[in-house]
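In what follows, a structure is listed as structure tokens, so that the remarks can point back to it.
The values are calculated or read from the model by the stated rules, or taken from the named source; none is laboratory data. Computed from a predicted model, the values in this text were never measured in an experiment. For neighbour counting, all protein chains shown are included, and Cβ atoms are generated from backbone atoms with ideal geometry for every residue, glycine included. To get the accessible areas, we keep the full protein, side chains included, count just its heavy atoms, and leave off ligands, DNA and RNA. Shrake-Rupley method; radii C 1.70, N 1.55, O 1.52, S 1.80 Å.
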Amino acid sequence: MATVIDGKAVAQTIRSEITDEVRLLSEKYGKVPGLAVVIVGNRQDSESYVRTKRKACADLGIKNFDIDLPEQISEAEVIKHVHQLNADPNVHGILVQLPLPKHINEEKVLTEISLEKDVDGFHPLNIGKLAMKGRDPLFVPCTPKACLELLSRSGVSIKGKRAVVVGRSNIVGLPVSLLLLKADATVTIAHSHTSQPEDIIREADIVIAAARQAKMIKGSWIKPGAAVIDVGTNSVDDPTRKAGYRLVGDVDFEEASKVAGWITPVPGGVGPMTVTMLLKNTLESAKRSIEQN
Ligand code: NDP
């Protein structure tokens with residue numbers, strides 16, 4: 001049976017490490033990291049993600065800068081807020097919660113975030129540096145960073161291993177592939193046009209599943225002893241639950257956990273780690289800024 005990687009426990013460990021570092025910064029320089037979370041409109045799911053991020057900041061001693069903007073605000077006004085946050089020395093990270101209302105060009109807004117404060121790591125220059133040999137981005141996107149942190153804290157070595165990433169989105173699949181490549185894995189990316197992905201996945205020592213396809217990856221697709229990181233978060237109907245649904249990953253956990261060496265559960269695997277990586281990026285940004293000045 002696979003070792004189940006407990007994302008909640010790993011996240012807790014990292015959060016207490018961050019809390020200690022925040023305290024040290026405060027004692028030494030009288031300053032704490034600051035994160036601005038910008039939300040436009042009243043989407044319920046976005047409001048809930050933003051609440052989680054702001055609470056996590058408060059729990060760890062990171063200062064929140066809440067920017068709550070109305071749905072009808074113009075693109076120019078949103079960009080003005082981003083510029084103000086860029087100029088504020090107490091703000092070390094800026095996160096614009098997506099999606100933005102349809103009349104606002106997301107790419108345009110995200111590109112306005114100062115490179116030094118792009119704690120989500122989605123600025124094209126950060127992604128570009130992630131892709132280039134010998135260059136290092138200032139920030140790595142949070143979910144991909146979470147995947148690698150889970151592997152390294154579980155003692156899974158990456159160098160020289162065959163890794164298969166299922167999915168190629170800008171948010172997860174592509175950046176996690178680039179990170180694995182930087183860590184010297186031999187990386188294959190499968191996507192919706194890949195024929196017989198099972199044949200490719202069977203060769204992988206490391207599988208990162210980010211396809212948004214409930215239980216797509218079967219136990220028989222997994223190489224015995226492989227490390228399986230399941231990013232997928234899909235809700236499926238479940239009349240036995242009070243909510244009427246439950247969350248499952250892109251991997252059939254029941255089957256795969258009998259074959260894999262390590263596996264993350266859904267929920268409780270990558271999910272709790274993603275916000276923790278946002279806090280870590282904010283801390284790193286604050287340290288860079290405070291220690292330089
Ligand atoms: P997207 O929907 O943006 O991308 C899905 C990717 O999977 C695409 O590249 C798509 O290919 C590929 N794909 C779709 N079907 C198949 C298939 N049958 N075989 C192989 N590849 C396929 O999703 P995201 O990257 O944003 O998210 C992926 C999953 O991770 C989702 O379930 C999401 O909920 C979850 N997630 C979890 C987070 C967490 O913190 N736990 C954070 C972010 C995401 P193509 O490019 O050809 O369309």
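Evaluate the charge dipole of region 21-111 about its Cα centre and quote only its size in Debye, nearest 20, assuming +1 on the Cβ of each Lys and Arg and -1 on the Cβ of each Asp and Glu.
Roughly 280 debye for region 21-111.
For region 1-77, calculate the relative contact order in percent as a whole number, restricting contacts to Cα pairs under 8 Å that are 6 or more residues apart.
RCO, region 1-77: 34 percent.
GNM on the chain, C-alpha springs below 10 Å: top fluctuator among S220, S114, S195?
For the chain, modelled as a Gaussian network with Cα springs under 10 Å, the answer is S195.
How high is the relative contact order of the chain? Use alpha-carbon pairs under 8 Å, at least six apart in sequence, and give a whole percent.
22
Non-local amide H neighbours of Y245 (under 5 Å, H modeled in plane, Pro and chain starts lacking H): which ones?
It is D238, by chain and number.
Determine the distance separating the Cα centre of region 1-50 from the Cα centre of region 64-102; give it in Å without decimals.
Each part reduced to its Cα centre gives a spacing of 19 Å.
Taking only Cα atoms and a 10 Å spring cutoff, compute GNM fluctuations for the chain and point out the largest among I104, I229, I127.
I104
Measuring from centroid to centroid over Cα atoms, what is the spacing of region 151-192 and region 103-148 in Å?
Cα centres, region 151-192 to region 103-148: 17 Å.
Given H placed on each backbone N at 1.01 Å, which residues far from T186 in sequence or on other chains put an amide H within less than 5 Å of it?
G160, K161, R162, A163
Over the chain, with the other protein chains present, what is the accessible area per residue in square angstrom, probe 1.4 angstrom?
Per-residue value: 49 Å².
Treat every Asp and Glu Cβ in the chain as -1 and every Lys and Arg Cβ as +1, leave all other atoms uncharged, and give the resulting dipole magnitude about the Cα centre to the nearest 20 debye.
Dipole magnitude for the chain comes out near 440 debye.
Once the dipole of the chain is set up with Lys and Arg at +1 and Asp and Glu at -1 on Cβ about the Cα centre, which of A204, A58, V38 lies farthest towards its positive end?
A204
Within the accessible area of region 244-293, what % is carbon and sulfur when the probe is 1.4 Å and the other protein chains stay in place? Could the numbers behind the result be given before it?
Values: 1010 of 1920 Å².
Of all accessible area on region 244-293, carbon and sulfur atoms account for 53 percent.
Can you give me the three principal axis dimensions of the chain from its C-alpha atoms, in Å, biggest first?
53, 41, 36
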